[in-house]
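Below is one structure; the comments refer to it alone.
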Amino acid sequence: MMYDANEISEELLRELARLAETERSILSAYLTLEHGWEKAEYFVKQESKRLQPLLELKEKGYFDTSISLLYDYLRDKKQAGFKGPGLAFFADLGADFVKGIELTMPPEPLLAVDKEAIIHPLAVQLDEYEQIGVIMIDAHCARVLLVAGRVMDDMERYCKKIHHLSKVGGWSQMRYQRRRLKQVKHFARDVVEKASAIFSEANVRRILIAGRDRMITALEHELGQNWKDKLITTIRWDLDAADRDFLKKIRPIMEGVERTEEKELLQKLITEVRISGLGVAGAVGTRDALKMGQVDTLIISESLPFNESEELTSLAKSTGAYVEFVPKENKVLTGLGGVGAMLRYKMKYR
């Protein structure tokens, strides 16, 4: 069966990590569409030729079938008008598992055959480009969006006629203004109701509001405390502006949020390691804790070699742990050996 997903989730990563339990070879592919479909298809062709001589006889049949399924997937995405920025694809015929995923950022191209699915690039995208909920609003219309990386998905467009602040007929200005404010309140309430349902379904952890000042204020008044706690910031924005400009504007905001959360997490890790509490640092201790299922959050420096990072990430996802990737420039994590973990329960001494 062919699946398709437009978002990367913890559930998906755990599902891929569990494929290691089968005894068949697994095809993993990461393709960028930044240079067009022909380049992506040429990459698959060349890498397939490179891998074929390296496979055992019993693996070649599965490999050929998996590559055929990959080409089918690419053809379907191309015909559907998919523009990118990238795709991932996995095939484990032994587990009757075939899945294609739309990526939110272009990946480093990769075609690999192994006993495990290569999930590190997906985990990086989930961490760095986790989708956020966005509400854009002015006095007439609202857009509810899910945004991740370079991808914006319009989930809902909602428009309602609200009278302008001008004198109409025999109505007094004060009475007319009260009517308008009531309309604004009802409009904001309806938008929040629609957005809340969408964001809850998508397990959104962060939200952002963009639009006209008065409408932003009205929305904030209607937000429940749960969503107020997840509100990153509000920005003034025109709904007629280009989406690419919006992505460009919020990128530094999201990067700032990521860096702040990383700083807080690392400080918590250092504190726990110092008191021999719910923290462990270094590759050996972290790997042992992962194998014992003790890790709640794995923290990896991007400076760690790919193979080592892939091993630790796969272990983390197979045991339900979260993964946080920290830029290689971060000297704090580098000083701890490039990797550490927050634990679910305290390490047992041998």
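Each reported figure results from applying straightforward, stated rules to the coordinates on display, with no laboratory input. Given the structure is predicted, the values throughout are model-derived calculations rather than measurements. Please note: Cβ atoms are built from the backbone with ideal geometry, for glycine as well, and neighbour counts cover all protein chains shown.
List of remarks:
- Local net charge near residue 194, Cβ-Cβ under 11 Å (Lys/Arg +1, Asp/Glu -1): 0
- Calculated log₁₀ intensity ratio I(q)/I(0) where the Debye formula runs over C-alpha points of the range 261-343, q = 0.16 Å⁻¹: -0.49
- Peptide packing: for 207-218, 60-71, the average count of neighbouring Cβ atoms within 10 Å per residue gives the ranking 207-218, 60-71, highest mean first.
- Beta bridges per DSSP with both ends in the range 15-107, % antiparallel, nearest 5: 100 percent
- Surrounding net charge for residue 28, when Lys and Arg each add one and Asp and Glu each subtract one, Cβ distance under 15 Å: -3
- Rg and Dmax of the chain, Cα atoms only, in Å: 24.1, 88
- Close Lys-Lys pairs in the range 2-128, where close means Cα under 19 Å and separation is 8 or more or interchain: 15
- Ranked 292, 136, 342, criterion: other C-beta atoms within 10 Å, fewest first: 292, 342, 136
- Placing +1 on the Cβ of every Lys and Arg and -1 on the Cβ of every Asp and Glu, with nothing else charged, gives the chain a dipole about its Cα centre of roughly 1800 debye.
- Burial ordering of 254, 105, fewest other beta-carbon atoms within 10 Å first: 105, 254
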